[in-house]
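Here is the structure we will look at, set down as structure tokens.
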Amino acid sequence: MTDEADVRRIALSLPETMEKLSWGTPGFRVKDRLFARMRDEGDILIVWCADSAEKEGLIAAEPEKFFSTPHYDGHPSVLVRLPAVDATELTELLTDAWRLRAPAKLVARFDAEAGQ
């Protein structure tokens, strides 16, 4: 079970990430490119996905954790029910979203520092 404080802690631990309001809720950006944001509900996170296929795969595999709304149809992002994911899974989701939005040189540096 995770919450907004976990999102903030994990997201801000990623290189060159900043928090900035996005549509009135906390958004997390790398080089001013949004990769995740909280929704008004407070326990729902929106994270960037690689594409619609990844999004649909997450939703189909674990609908208790992942979902979408018509507003996000056609957009490569998925909604995450924070109480349904643990810190390890949240870290993976945020890191993957960060990687998709970060500049390639920053991702390469991150990988080199992590020994990947």
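The values are calculated or read from the model by the stated rules, or taken from the named source; none is laboratory data. In this text the structure is predicted, and so the values were computed from the model without any measurement. Virtual Cβ from ideal backbone geometry, glycine too; neighbours counted across all protein chains shown. Heavy atoms of the whole protein, side chains included, go into the accessibility calculation; ligands, DNA and RNA do not. Shrake-Rupley method; radii C 1.70, N 1.55, O 1.52, S 1.80 Å.
Identify, please: which residue in segment 97-116 is outside any helix (DSSP H, G or I) and among the small types (Gly, Ala, Ser) and is, among those, surrounded by the fewest Cβ atoms within 10 Å (Cβ to Cβ)? Even if it seems obvious, please write down each step before you answer.
In the first step, residues of segment 97-116 are kept if they are outside any helix (DSSP H, G or I); the result is 102-103, 115-116.
Those still in the list that are among the small types (Gly, Ala, Ser) too: 102, 115.
Details: Ala102: 22, Gly115: 5.
Looking at the filtered set, the residue picked out is Gly115.
If you go through segment 5-21, how many residues are assigned to a strand (DSSP E or B), closer than 13 Å to Arg101 by Cβ and open to solvent by less than 80 Å² (accessible area, probe 1.4 Å)?
Here is the first cut: in segment 5-21, the residues assigned to a strand (DSSP E or B) are 17-21.
After this cut, where a residue has to be closer than 13 Å to Arg101 by Cβ as well, the list is 17-18.
This time we only want the ones that are open to solvent by less than 80 Å² (accessible area, probe 1.4 Å), so: 17.
The number of residues fulfilling the criteria is 1.
Considering segment 30-65 alone, what residues qualify as being open to solvent by 40 Å² or more (accessible area, probe 1.4 Å), under 17 Å from Thr17 (Cβ atoms) and free of Cβ contacts under 8 Å to residues at least 24 places away in the same chain?
Of everything in segment 30-65, just one residue is open to solvent by 40 Å² or more (accessible area, probe 1.4 Å), under 17 Å from Thr17 (Cβ atoms) and free of Cβ contacts under 8 Å to residues at least 24 places away in the same chain, namely Asp32.
Here's a check for you: in segment 66-91, which residue that is among the small types (Gly, Ala, Ser) and either under 20 Å from Leu14 (Cα atoms) or outside any helix (DSSP H, G or I) (or both) is least open to solvent (accessible area, probe 1.4 Å)?
Restricting attention to segment 66-91, the residues satisfying the condition of being among the small types (Gly, Ala, Ser) are 68, 74, 77, 84, 87.
Imposing the further condition that a residue be either under 20 Å from Leu14 (Cα atoms) or outside any helix (DSSP H, G or I) (or both) reduces the set to 68, 74, 77, 87.
Working: Ser68: 38, Gly74: 76, Ser77: 2, Ala87: 44 Å².
Looking at the filtered set, the residue picked out is Ser77.
Regarding Leu94, is this residue surrounded by 13 or more Cβ atoms within 10 Å (Cβ to Cβ), under 19 Å from Thr2 (Cα atoms), of a type outside the set (Val, Ile, Thr) and under 9 Å from the mean Cα position of the chain (by Cα)? Before the answer, list the steps.
Numbers: surrounded by 13 or more Cβ atoms within 10 Å (Cβ to Cβ): yes; under 19 Å from Thr2 (Cα atoms): yes; of a type outside the set (Val, Ile, Thr): yes; under 9 Å from the mean Cα position of the chain (by Cα): yes.
Judged against the criteria, Leu94 is a match.
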